[in-house]
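Heads up, the thing below is written out as structure tokens.
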Amino acid sequence: MEDVKYYSQEGLDALKRELNQLESVERPKISQAIADARDKGDLSENAEYDAAKEAQGMLELKIANLKNLISKARVLDESKIDVSKVLIYSIVKIKNLKNNAEMTYTIVPESEADLKGGKISVSSPIAKALIGNSTGDVVTVQAPAGVMEFKILDVSR
């Protein structure tokens, strides 16, 4: 079974925009660089040609990887997310029981994580501890700084 990855519509659209940019802008630029280098003569000692060919290989690999990712991507319908427990795309308000600090995070796929934006990866230690739990539950997180306990104050979408 292939690895299906879940995205918000916004996340999938960003991947598609990046693929379009690579195919419609970057690929022609590299083709032109190869043609320009080829016009300069002897290819056996042409560093520009070698560099352009290597860049082309890297670009084609990136394009192939993005196409593969998009082909396995599935969009989650955020309106159908169960808010009785923490799941991917849940917005979770938690309280650190050690210092009483309150934080709100949205749990997202790894590719959409943005700590400054309050979006934590589903594979992060905090998210792993929160998944499947409900409002009022206390979870223990093994973090690099040691064991931390959080109380789930609210789960929403």
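Residue pairs whose Cβ atoms lie under 8 Å apart, sitting 6 or more positions apart in sequence or on different chains, and linking a residue in segment 8-30 that is touching a residue at least 40 places away in the same chain (Cβ under 8 Å) to a partner that is assigned to a loop (DSSP other than H, G, I, E, B) and among the aromatic types (Phe, Trp, Tyr), are Ser8/Tyr89. The listed residues are Ile107, Ile131, and the only one of them that is under 15 Å from Arg157 (Cα atoms) and open to solvent by less than 50 Å² (accessible area, probe 1.4 Å) turns out to be Ile107. So, Ile91, is that one buried (at least 16 other Cβ atoms within 10 Å of the Cβ) and either out of contact with any Gly (no Cβ under 9 Å at 6 or more places or on another chain) or of a type in the set (A, V, I, L, M, F, W, C) (or both) or not? For Ile91, the condition - buried (at least 16 other Cβ atoms within 10 Å of the Cβ) and either out of contact with any Gly (no Cβ under 9 Å at 6 or more places or on another chain) or of a type in the set (A, V, I, L, M, F, W, C) (or both) - is met. Selection of first residues in segment 55-67 that are closer than 17 Å to Lys5 by Cα and of second residues that are assigned to a helix (DSSP H, G or I), restricted to Cβ pairs under 6 Å at least 6 apart or on distinct chains, gives the following pairs, ordered by first then second residue: Leu66/Leu19.
The values are calculated or read from the model by the stated rules, or taken from the named source; none is laboratory data. For clarity, every value in this text was computed on a predicted model and none was experimentally measured. Every residue, glycine as well, gets a Cβ built from its backbone with ideal geometry; the counts of neighbours run over all protein chains shown. Protein only, heavy atoms only, side chains kept; ligands, DNA and RNA dropped before computing areas. Shrake-Rupley method; radii C 1.70, N 1.55, O 1.52, S 1.80 Å.
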